[in-house]
1. For region 1-100, give me every one of the helices (runs of 4 or more DSSP H) that falls completely inside it and has 2 or more residues that are at pLDDT below 85 and of a type outside the set (Ser, Thr, Tyr).
2. Quick check on my filter: what residues within region 46-98 are polar (S, T, N, Q) and within 12 Å of the chain's Cα centre (by Cα)?
3. Any residue in region 62-69 that is surrounded by 12 or more Cβ atoms within 10 Å (Cβ to Cβ) and closer than 22 Å to Ala35 by Cβ?
Amino acid sequence: MKNFLLAVALLSIGTAAAAGADNLSLTAKAKAAKARQMLTEACYKDLDDGAVEKGLNEDLRRKLASAPFIKKFCECQGRKLEDRLLKGLVVGPETDLAPLLQQDRKECADAFLR
């Protein structure tokens with residue numbers, strides 16, 4: 001997760017801060033979409049790493065990764081980050097993303113556990 005945070009922090013997303021989503025450049029939209037993809041993939045990896053730590057075999061890990069709840073949970077986190085970027089709520093590399101990502105993770109979990 002640390003590598004992902006660093007990668008996202010290093011993205012040049014300053015152009016997203018000053019514009020609305022409709023007026024964003026293609027580059028800013030593409031970077032936000034890439035960040036969404038990276039976070040979604042990192043979510044799957046974190047869950048798989050946790051399953052490995054719990055001693056689940058490969059078949060069970062595949063079933064877990066393909067579960068609709070897991071897919072929705074990971075995609076939710078990716079969409080939330082993308083929305084933040086497009087709305088300019090993440091300003092640049094100096095922004096500490098960890099608390100934002102933790103908040104998003106909790107909100108996504110809460111939404112799907114109801």
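The values are calculated or read from the model by the stated rules, or taken from the named source; none is laboratory data. For clarity, every value in this text was computed on a predicted model and none was experimentally measured. Reconstructed Cβ throughout: ideal geometry from the backbone, glycine too, with neighbour counts over all protein chains shown.
1. Values: elements: 2-10, 26-53, 58-66, 68-86.
Filter on region 1-100 gives 2-10, 26-53.
2. Listed by number, the list holds a single entry, Gln77.
3. yes
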